[in-house]
Amino acid sequence: MTDSLSVQPEPPYLKGLNDPQREAVLTTDGPVLVLAGAGTGKTAALTARLAHLVATRRAWPSEILSVTFTNKAAREMKERVGRIVGDAVEGMPWLGTFHAIGAKMLRRHAELVGLQSNFTILDTDDQLRLLKQLILAADIDEKRWPARSLAGLIDRWKNRGWTPAQIDAGESEAYAGGKGAQLYSAYQDRLKTLNACDFGDLLLHMLVILRTRRDVLEFYQQRFKYILVDEYQDTNQAQYLWLRLLAQERKNICCVGDDDQSIYSWRGAEVANILRFEKDFPGAKIIRLEQNYRSTPHILAAASGVIAHNGGRLGKTLWTEQPDGDKVHVIGVWDGPEEARRMGEEIESVQRRGGHLDDVAILVRAQFQTRELEDRFIAIGLPYRIVGGFRFYERAEIRDALAYLRVIAQPADDLAFERIVNTPKRGLGDKAVAKVHAFARASGTPLVSAAAQILDSDELTPQARRALGNLVGDFARWRARLDELPHPELARLVLDESGYTAMLQVDRSAESAGRLENLTELTRAMEEYETLGAFLEHVSLVMENDAERDVEKVTIMTIHAAKGLEFGTVFLAGWEEGVFPSQRALDEGGHASLEEERRLAYVAITRARHKCFIIHAANRRIYGQWTSSIPSRFVAELPDANVEQETTMSGGESLWRANWSERADPFADLQRGSGRGPGWQRASSGGFERTPARVVEVRASAISLGNPGRSDISLGQRVFHSKFGYGIVAEIEGNKLEIDFEHAGRKRVMDSFVSVS
């Protein structure tokens with residue numbers, strides 16, 4: 001009898017799990033940290049753990065708090081668990097995202113923070129509208145201090161769990177000369193008056209309640225017998241504090257994450273949260289999931305070799321039972337266009353071998369990199385899709401710029417004129433624009449002509465007449481210069497004189513710098529076409545690329561957008577210093593940003609199942625100028641045994657496998673605007689050869705291309721930076737500036753990110 005009872009069939013949710021995964025499922029009591037490397041089946045382990053808690057009746061479904069980061073992940077988790085435990089999954093009200101669970105809690109306790117239970121959750125547009133009202137009431141210039149910048153700052157404070165009372169003078173200085181905290185406080189007061197909150201409040205308000213109301217905290221500590229958290233490395237400070245409070249009583253918290261895949265610091269994620277788990281929960285069990293089911297040994301070893309150079313990590317070694325497969329292929333090319341050509345050739349080779357385009361991805365560090373790829377693939381008829389963003393010519397700033405150019409090329413283009421008539425804002429309200437439309441319909445003339453004619457009437461207010469007159473005059477002047485200026489130069493002139501560039505420069509949001517980069521890439525692309533008309537025709541053809549929606553397509557996306565995905569063949573473009581790792585990230589974040597960039601490299605490589613290509617160019621157009629490039633330090637960190645190197649240039653080995661030890665300054669010979677790489681020259685055969693007398697050596701601390709700097713900037717000059725505001729140049733070192741900013745103190749920045757005041 002005893003023997004028959006002791007032999008129990010294995011629960012179905014344990015079948016197929018390896019030993020560490022089983023341990024993650026069966027270690028139910030006490031704090032547990034599951035370090036799950038890329039492709040190691042962490043979702044299967046987390047799902048099985050949740051099912052095990054319910055199936056063994058350790059807790060009722062309503063006594064388990066299970067937190068994910070996206071609604072999609074929550075749905076998938078619920079579906080998987082439902083297939084195991086059946087209808088019991090319907091009794092899991094606390095399975096969802098941080099925001100969804102925070103909202104559920106807050107509606108129960110809204111009165112404790114001055115709200116009613118039926119409070120409204122504002123979307124981004126409503127939030128910006130409210131902030132603009134407060135900025136206007138405070139007599140602050142919204143053009144210089146945009147509402148979007150204040151919204152981003154408040155969001156950052158809420159991500160850190162800070163109420164207005166916790167904002168010190170240093171933090172407050174980040175907006176409008178120290179008025180940040182005051183406006184934050186006014187914003188929170190206004191939200192309460194409206195019985196509303198934004199997304200950041202859903203956790204912040206609950207954090208305040210849990211800290212100040214012991215009865216509420218004890219209620220939830222008793223309610224949640226077990227807590228499970230997915231993607232723990234992506235938690236921000238507020239989420240971390242919220243979880244720690246809820247788990248302190250029972251300490252039955254299981255966090256699943258990968259410190260090597262923490263890549264979202266720009267939206268508040270703090271890798272330190274996962275690194276200090278053992279300190280927060282003494283005696284915690286650490287379980288490492290290291291068997292990878294996705295990639296080949298060479299791909300895993302390459303990724304592990306790079307990430308091993310990071311200091312801030314808990315450490316693990318991925319392995320697989322798969323055959324070795326191909327080594328990671330590192331390719332050195334002459335320039336960006338050749339990079340696009342080479343990728344096109346390799347992808348066509350994949351097709352010839354029977355591969356599917358849907359299983360091919362190109363991952364880039366920055367969105368501006370996609371433009372040359374799109375143009376090349378259009379030229380050779382290779383279908384592609386942009387995931388996680390718009391295709392280059394569909395981005396708002398590009399469409400705005402193209403609208404200006406279309407009106408110059410074709411004054412009868414009413415759609416283009418209508419798009420930019422008040423972009424950027426120039427004092428033309430909806431009523432004024434409606435009158436221009438009415439006049440155009442009545443007279444049967446295009447909007448530009450109607451605008452010119454209506455200026456002679458009293459139909460418009462003096463302000464609107466003045467603004468419209470300036471715009472009409474601008475278009476006439478730009479059109480007159482079309483024959484005397486190269487069209488790329490004219491485009492730059494239009495963007496500057498229209499105020500569009502300035503509009504983005506004063507926008508302190510995280511997206512503005514990327515939008516400026518895209519505009520620079522647009523004007524650079526125009527140089528490849530003889531006329532403005534030829535370029536606009538090319539754009540029209542590119543925009544038709546998406547006509548066939550059912551055909552297989554190559555996926556083009558940023559590395560950030562690729563996290564959690566996998567592809568048979570992956571191409572990693574632009575692995576050069578300044579592009580990847582990002583120069584802006586290094587300048588603004590130093591060593592911490594370098595480690596996050598390296599984690600991005602790890603994520604990028606581990607997206608590949610069978611083949612991984614890494615490509616770097618000796619020359620690249622950056623901010624409209626040819627720049628000699630050196631391979632990314634991450635290329636040098638790839639293990640020799642797992643890499644196959646190829647270059648279209650002889651002597652490439654010394655270039656890509658550069659010496660990153662401490663040496664003399666390697667950048668003295670690199671020239672900006674020279675049109676050629678360091679020590680390279682074109683051979684008559686069309687290939688490339690190495691100039692013997694010049695050898696490139698690079699040191700680990702070097703993070704720029706050593707450009708000589710701009711001639712229009714001098715010591716003592718007043719300049720403007722889109723993030724730090726106005727300041728005085730204190731020191732100049734090549735293309736790096738030490739600037740004493742009026743409100744941000746002394747900062748070290750690249751000269752390409754400042755404009756002369």
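Within region 511-540, residues that are among the aromatic types (Phe, Trp, Tyr) reach partners that are open to solvent by 40 Å² or more (accessible area, probe 1.4 Å) with beta carbons closer than 9 Å, at six or more positions or on different chains, in the pairs TYR529/GLU537; PHE535/GLU528; PHE535/TYR529.
Residue-wise test of (1) at pLDDT below 90; (2) open to solvent by 30 Å² or more (accessible area, probe 1.4 Å); (3) in contact with a helix residue (DSSP H, G or I) (Cβ under 9 Å, 6 or more places away or on another chain).
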| site | (1), (2), (3) |
| --- | --- |
| ILE362 | no, no, yes |
| PHE368 | yes, yes, yes |
| ILE380 | no, yes, yes |
| ASP414 | yes, yes, yes |
| LEU428 | yes, no, yes |
| LYS431 | yes, yes, yes |
| ALA434 | yes, yes, no |
| HIS437 | yes, yes, yes |
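Taken as a whole, region 168-187 holds no residue that is farther than 24 Å from GLU742 by Cβ and open to solvent by 70 Å² or more (accessible area, probe 1.4 Å). Of the strands (runs of 3 or more DSSP E) lying entirely inside region 20-123, not one carries at least 3 residues that are of a type in the set (Val, Ile, Thr), open to solvent by 60 Å² or more (accessible area, probe 1.4 Å) and touching a residue at least 12 places away in the same chain (Cβ under 8 Å). Picking from residues in region 467-488 that are of a type in the set (D, E, K, R) and touching a residue at least 24 places away in the same chain (Cβ under 8 Å), the one that is nearest to ILE454 (Cα to Cα) is ASP474.
Given the options ILE286, ILE263, ILE331, name the one that is outside any helix (DSSP H, G or I), closer than 19 Å to VAL229 by Cβ and more than 24 Å from the chain's Cα centre (by Cα). Even if it seems obvious, please write down each step before you answer.
On the way: ILE263 fails: more than 24 Å from the chain's Cα centre (by Cα); ILE331 fails: closer than 19 Å to VAL229 by Cβ.
So the residue among ILE286, ILE263, ILE331 that is outside any helix (DSSP H, G or I), closer than 19 Å to VAL229 by Cβ and more than 24 Å from the chain's Cα centre (by Cα) is ILE286.
Counting only strands (runs of 3 or more DSSP E) wholly contained in region 558-649, the ones carrying 1 or more residues that are more than 27 Å from THR40 (Cα to Cα) and open to solvent by less than 30 Å² (accessible area, probe 1.4 Å) occupy 608-622, 625-628.
Can you list the helices (runs of 4 or more DSSP H) found entirely within region 160-257 that contain at least 2 residues being in contact with a strand residue (DSSP E or B) (Cβ under 6 Å, 6 or more places away or on another chain)?
Working: elements: 169-172, 180-193, 199-212, 214-223, 237-247.
In region 160-257, no matching helices (runs of 4 or more DSSP H) lie anywhere.
Could you please find all residues in region 743-754 being touching a residue at least 40 places away in the same chain (Cβ under 8 Å) and either exposed (fewer than 15 other Cβ atoms within 10 Å of the Cβ) or more than 26 Å from the chain's Cα centre (by Cα) (or both)?
Let us first name the residues in region 743-754 that are touching a residue at least 40 places away in the same chain (Cβ under 8 Å), namely 743-744, 748-754.
Those that are touching a residue at least 40 places away in the same chain (Cβ under 8 Å) and either exposed (fewer than 15 other Cβ atoms within 10 Å of the Cβ) or more than 26 Å from the chain's Cα centre (by Cα) (or both): HIS743, ARG748.
Of ARG406, ARG441, all but one fail to be basic (Lys, Arg) and either out of contact with any helix residue (DSSP H, G or I) (no Cβ under 9 Å at 6 or more places or on another chain) or buried (at least 19 other Cβ atoms within 10 Å of the Cβ) (or both); the exception is ARG406. Checking each residue in region 334-360 for being buried (at least 17 other Cβ atoms within 10 Å of the Cβ) and not in a helix (DSSP H, G or I) picks out TRP334, ASP335, GLY355, VAL360.
The values are calculated or read from the model by the stated rules, or taken from the named source; none is laboratory data. Predicted model only: the values in this text are computed from it and were never measured. Cβ atoms come from the backbone with ideal geometry, glycine included; neighbour counts cover every protein chain shown. Ligands, DNA and RNA are stripped out before the accessible areas are found, and what is left, the full protein with its side chains, is counted by its heavy atoms. Shrake-Rupley method; radii C 1.70, N 1.55, O 1.52, S 1.80 Å.
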